[in-house]
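Quick notes on the structure that follows.
The values are calculated or read from the model by the stated rules, or taken from the named source; none is laboratory data. Because the structure is a prediction, the values reported are computed rather than measured. Reconstructed Cβ throughout: ideal geometry from the backbone, glycine too, with neighbour counts over all protein chains shown. These accessible areas exclude ligands, DNA and RNA; they are computed on the full protein's heavy atoms, side chains included. Shrake-Rupley method; radii C 1.70, N 1.55, O 1.52, S 1.80 Å.
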Protein chains: 2
Amino acid sequence: MKSITSRENPVFKELKLLATSSQARRKAARTLLDGVHLCQVYLDQVGLPTLCVVGEDSLAQQEVLAIVERCEAARVQCLVFPQPMYQMLSQVEHGVGLLFVVDTPRAEMPGRLSRSAVLLDNLQDPGNLGSILRSAAAAGIEYIFCSKGTAFAWSPKVLRAGMGAHFSLHIFENVDLQKLIDTAAIPVLATSSHAEHRIYDVDLSGSVAWLFGHEGQGVAEELLAAASRRVSIPHLGPVESLNVAASAAVCFFEQVRQKTAH
Amino acid sequence: MKSITSRENPVFKELKLLATSSQARRKAARTLLDGVHLCQVYLDQVGLPTLCVVGEDSLAQQEVLAIVERCEAARVQCLVFPQPMYQMLSQVEHGVGLLFVVDTPRAEMPGRLSRSAVLLDNLQDPGNLGSILRSAAAAGIEYIFCSKGTAFAWSPKVLRAGMGAHFSLHIFENVDLQKLIDTAAIPVLATSSHAEHRIYDVDLSGSVAWLFGHEGQGVAEELLAAASRRVSIPHLGPVESLNVAASAAVCFFEQVRQKTAH
């Protein structure tokens with residue numbers, strides 16, 4: 001374990017950039033995993049990080065030490081920072097002080113949409129994006145396609161909300177959704193409160209792609225027009241719409257219900 | 001319309017306290033509605049605010065002016081603040097500068113749990129709470145009972161995430177959930193990944209109460225033990241759990257599906 005105490009240290013400066021700038025993360029094709037849970041899932045499901053970073057105050061914690069030892073045994077460099085410096089890298093205020101630096105995967109775009117997927121058009125909120133990734137992974141949906149304007153999937157906030165879902169998904173960013181929909185081999189479904197068909201009345205037992213949009217404005221008109229079908233989640237109360245992540249969960253698990261029905 | 005430009009003005013000071021302190025909001029039994037959408041829903045569904053507050057920069061906007069005129073016609077006081085002062089009251093960074101001060105309703109606790117409801121044990125995140133309230137209202141569930149440790153339902157963040165759902169719900173806070181469950185006249189269902197029954201196989205066509213807990217730790221053991229039944233949302237993927245708000249939406253709308261099934 002190596003201790004770094006100077007804020008002028010080039011590694012610290014690079015980490016700070018990764019922690020604060022989506023642009024830097026995209027450019028470096030690296031991101032930060034914040035907290036014991038994410039690091040643990042990464043070790044178990046993906047492999048070794050590029051770097052392991054610890055806040056001084058957390059060195060006494062057994063679960064942190066266990067991970068540091070596992071990294072050092074595999075010759076992954078581990079750095080310790082004084083707590084005030086560590087806090088500049090972490091977005092978790094009172095969390096356990098452990099971070100991994102990992103490479104973001106470069107997935108190869110499939111030629112055509114042919115397996116169950118989620119298409120996100122201009123979705124803004126990192127918490128919503130993380131929750132949708134988590135729900136998709138739990139529902140067995142593996143492919144995620146994000147339009148150019150959608151929040152960056154590998155930001156620490158989205159990773160935290162995703163709780164490890166990222167590592168079992170194929171996530172594609174800056175995707176031309178119009179082209180994807182136009183050439184899709186499976187139905188593309190968009191939810192809309194004015195749709196004719198309720199999700200409960202649509203056959204979801206095969207592969208489908210779900211299309212969700214911006215929190216305020218919904219899916220862009222031209223994409224909606226290109227979708228195979230608009231479907232509705234029927235409401236019983238006076239509130240007109242659901243949060244987009246709640247709506248996605250309802251759709252994904254109606255698909256699970258139909259797939260697992262006897 | 002009255003313009004206030006001094007930060008020492010007592011009304012401004014009181015508003016700042018309401019904007020920043022849950023304790024102050026509880027004590028005053030008042031809260032702030034932030035943004036055009038919430039204020040509009042309040043006017044349409046509840047009535048007049050105690051006070052209408054506008055940021056100078058938003059006075060030119062037609063939708064804001066329309067609401068201000070509606071308030072003034074009904075003799076509700078309207079205050080205008082210079083933009084920097086207004087920003088100290090609002091949590092929306094680039095939103096439209098309109099706030100209502102409203103009284104939080106004091107609902108009378110029902111004697112016994114006898115209609116569909118949501119019970120929240122120590123739920124922490126304001127975004128999750130708002131999303132759950134919004135989903136419940138959309139699913140026609142009207143009663144919400146929050147334990148002492150649960151986030152304050154009438155904070156600006158929860159109100160924003162609720163998108164107006166608050167106004168069609170009966171929300172009770174600091175509730176003794178144990179007592180409520182022990183005396184319930186309807187089944188109390190808690191989700192658990194180890195449960196024997198899938199939500200799809202449980203009869204939800206009548207009234208039920210849904211019990212959800214802390215984002216990390218779940219529902220307290222003694223409450224889980226008191227629940228009538230533990231039910232599971234079956235997963236098809238490798239991710240072990242859903243975000244609590246996503247999980248709640250899936251449960252509420254499985255109830256809607258069963259209620260509206262032919």
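Burial here means at least 40 square angstrom less accessible surface with every protein chain in place than with the chain by itself, probed at 1.4 Å; in the stretch B:194-238 the buried residues are B:Arg198, B:Tyr200, B:Leu236, B:Pro238. When A:Ser205 is represented by a point 7 angstrom out along its Cα-to-C-beta vector, the spacings to that point in the other copies are 2.2 nm, nearest first.
Dipole magnitude for the protein assembly as shown: computed about the Cα centre from +1 point charges on Lys and Arg Cβ and -1 point charges on Asp and Glu Cβ, it is near 280 debye.
Rounded to the nearest whole Å², what accessible area per residue is found for the stretch B:2-103 with the 1.4 Å probe?
51 Å²
Split the accessible area of chain A by element, probe 1.4 Å, and carbon with sulfur accounts for 47%.
Think of each Lys and Arg Cβ as +1 and each Asp and Glu Cβ as -1; about the Cα centre, that makes the dipole of chain B roughly 460 debye. For the stretch B:117-260, the per residue solvent-accessible surface stands at 35 Å², with DNA, RNA and ligands left out and a 1.4 Å probe.
Residues whose amide H lies under 5 Å from that of A:Leu236, counting only those 5 or more places away or on a different chain, are B:Ala139, B:Gly140; hydrogens are built 1.01 Å from N in the peptide plane.
Between A and B, roughly 2800 Å² of accessible area is buried in total, ligands, DNA and RNA not counted and the probe set to 1.4 Å.
Placing unit charges on each Cβ (+1 for Lys and Arg, -1 for Asp and Glu) gives the protein assembly as shown a dipole about its Cα centre, and among B:Val11, B:Val101, B:Leu65 the Cα reaching farthest toward its positive end belongs to B:Val11. With all protein chains in place and ligands, DNA and RNA left out, the 1.4 Å accessible area ranks A:Glu14, B:Glu240 as B:Glu240, A:Glu14, largest first.
Taking every alpha-carbon pair under 8 Å whose residues sit at least 6 apart, chain B reaches a relative contact order of 19 percent. Across the copies of the chain, A:Ala74 has label points (7 Å from Cα along Cα→Cβ) spaced 6.1 nm apart, shortest distance listed first. Residues of the stretch A:136-160 whose accessible area (probe 1.4 Å, heavy atoms of protein chains only) drops by at least 50 Å² once all protein chains are present, relative to their chain alone: A:Ala138. Over the stretch A:84-205, Cα pairs under 8 Å with separation of 6+ residues give a relative contact order of 26 percent. Given chain B, what percent of its DSSP beta bridges are antiparallel, to the nearest 5? Taking every DSSP beta bridge within chain B, about 30 percent pair in antiparallel fashion. Under a Gaussian network description of chain A, with springs only between Cα atoms under 10 Å, the residue in A:Asp44, A:Asp103, A:Asp57 that fluctuates furthest is A:Asp44.
Remark: label point of A:Glu222 defined 7 Å out from Cα along the Cα-Cβ vector; separations to the same position in other copies 6.1 nm, ascending.
Note on B:122-135: average number of Cβ atoms from other chains within 10 Å of each residue's Cβ is 3. Of B:Glu173, B:Glu222, the order by accessible heavy-atom surface (1.4 Å probe, DNA, RNA and ligands excluded), from most exposed downward, is B:Glu222, B:Glu173.
Once all protein chains are placed together, A:Lys13 keeps about 110 Å² accessible to a 1.4 angstrom probe.
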